[in-house]
Amino acid sequence: MRTNKKDRAARPETLPRKWKPFVITVFWMVALLLATALILHKNPLEDPDTTRLKSISGCLMLALVTTVFTIFYDLLTTLPVELFQNRRLIIRLSKNDFRKRYAGSYLGVIWALVPPIITVLMYWFVFDKIFGSSRQFVREGVEVPYVLFLTSGLVPWFFFSDAISGGTSALLEYNYLVKKVVFKISILPMIKIIAAWFVHLFFTAVLLVIAILYGYTPTIYTTQILYYSACEFVLVLGMCYATSSIVIFFRDLQQMIGIMLQVGIWATPILWNIAMFDDSKKWIVKLNPLTYIVEGFRTSIYGDSWFFEHFYSSTYFWIVTVLIFILGSLIFKRLKPQFADVL
């Protein structure tokens, strides 16, 4: 049944006002529980000063996130509601976006799969066959084939790279929809991200096949790939709300993101092993939230631990991700009234 303009206008864009005290209270309670866990959590193998620093930093970040959420509650709840209300439209447009990229070419969507495969083969040939990195030491007494180590790092990176590039240009590409009053333009970045996620599913399947060929059959820990994929989805969505808004007023951002992606693949432990760093220096690499996702994919393929066992890393990632999503949402909503005029 088709929805007319009057019905659309009548649909609420935020959660009911009566829910506001409840939602904010729940948010604060979750933050307090996390802060308590941060304070009480002790790792006997870790330096006490390092543990104390992590606890203090985590509590401060939690306080920042909860304060911003409380102040900007109305703005921040608008986007999730709009996305949920338009979920069917999002899926339909995402499929169309994925198909139209390669419309008219003989191989069609196969071209979406060729560049990443070529990239994996190129890195594998250079590092494995030329430099002789046939196996990688991942933890004490455990080594894995380099091609598996490499692929499990590149799969989440390909999704991030494709999603952030497409999501950033979403409003520019669909500028004719931005100018329509009744269209919810907040769904446009998600359309691009879901289109990139279709390719991500294929390469995740390829990763599992490679793992099986090397003798790493799926285990219960492999299911964590779903969790880490969801982590990456939320992270990149928050980033795209900010970048897709800013790029309308500052077009050079697209080129800057391209350069940052070139640097990012080396700044993230994808082609190299984080185990080469001392424990005192690993925290610098772990400040990059993508490190959590890449290492999580590897743990899912050939590890034997759950994501919640890495308490500090998981807590830090979600605090940073929620903060990025909040900032991205605020930027998007603040700049939204000017989109149509600039485009």
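Each residue in region 180-226 was checked for being touching a residue at least 12 places away in the same chain (Cβ under 8 Å) and among the aliphatic types (A, V, I, L, M), and 17 of them qualify. Confirm whether VAL144 is in contact with a strand residue (DSSP E or B) (Cβ under 9 Å, 6 or more places away or on another chain), closer than 30 Å to TYR216 by Cα and at pLDDT 80 or above. Considered against the rule, which asks whether it is in contact with a strand residue (DSSP E or B) (Cβ under 9 Å, 6 or more places away or on another chain), closer than 30 Å to TYR216 by Cα and at pLDDT 80 or above, VAL144 comes out as yes. Among the residues of this structure, GLU13 counts as one that is at pLDDT below 80, surrounded by 14 or more Cβ atoms within 10 Å (Cβ to Cβ) and out of contact with any Phe, Trp or Tyr (no Cβ under 9 Å at 6 or more places or on another chain). How many of the residues in region 271-307 are over 20 Å from LEU53 (Cα atoms), of a type in the set (A, V, I, L, M, F, W, C) and assigned to a helix (DSSP H, G or I)? Here the count works out to 9. Kindly evaluate LEU83 against the criterion of being under 30 Å from HIS200 (Cα atoms), among the hydrophobic types (A, V, I, L, M, F, W, C), modelled with pLDDT under 80 and part of a helix (DSSP H, G or I). No: the conditions fail for LEU83. Looking across LYS18, LYS54, one residue alone is surrounded by 14 or more Cβ atoms within 10 Å (Cβ to Cβ), at pLDDT below 85 and charged (D, E, K, R). It is LYS54. Among the residues of region 225-250, those that are more than 13 Å from ILE324 (Cβ to Cβ), buried (at least 19 other Cβ atoms within 10 Å of the Cβ) and not aliphatic (A, V, I, L, M) comprise TYR228, SER229, SER244, SER245. I'd like to know if region 321-330 contains one or more residues that are farther than 30 Å from GLU173 by Cα and either among the β-branched types (Val, Ile, Thr) or touching a Ser or Thr at 6+ places or on another chain (Cβ under 8 Å) (or both). Looking for residues that are farther than 30 Å from GLU173 by Cα and either among the β-branched types (Val, Ile, Thr) or touching a Ser or Thr at 6+ places or on another chain (Cβ under 8 Å) (or both), one finds none in region 321-330, hence no. Scanning region 323-343 for residues that are within 27 Å of SER57 (Cβ to Cβ) and crowded, with 21+ Cβ neighbours inside 10 Å returns PHE325, GLY328, SER329.
Please go through region 157-176 and give me each residue that is farther than 16 Å from TYR241 by Cα and either without any contact (Cβ under 8 Å) to a residue 24 or more places away in the chain or of a type in the set (Gly, Ala, Ser) (or both), ordered by number.
Selection gives TYR176 alone.
Within region 176-217, work out how many residues are within 18 Å of VAL147 (Cβ to Cβ) and not aromatic (Phe, Trp, Tyr). Residues meeting the conditions: 12.
Among the numbered conditions (1) over 19 Å from the mean Cα position of the chain (by Cα); (2) in contact (Cβ under 8 Å) with a residue 24 or more places away in the chain; (3) more than 27 Å from THR78 (Cβ to Cβ), the only one that LYS336 does not meet is (3). Going through region 203-224 one residue at a time, which ones are on the phi > 0 side of the Ramachandran plot and crowded, with 19+ Cβ neighbours inside 10 Å? Of everything in region 203-224, nothing turns out to be on the phi > 0 side of the Ramachandran plot and crowded, with 19+ Cβ neighbours inside 10 Å.
Taken as a whole, the condition of being within 27 Å of TYR241 (Cβ to Cβ), in contact with a Phe, Trp or Tyr (Cβ under 9 Å, 6 or more places away or on another chain) and either at pLDDT 90 or above or in a helix (DSSP H, G or I) (or both) does not apply to LEU323. Only helices (runs of 4 or more DSSP H) whose full extent lies in region 167-270 are considered here, and the ones with at least 2 residues that are polar (S, T, N, Q) and modelled with pLDDT of 90 or more are 224-249, 253-267.
The values are calculated or read from the model by the stated rules, or taken from the named source; none is laboratory data. On a predicted model such as this, the values are computed, not experimentally measured, just so you know. Note that each Cβ is placed from the backbone with ideal geometry, even for glycine, and that neighbours are counted across all protein chains shown.
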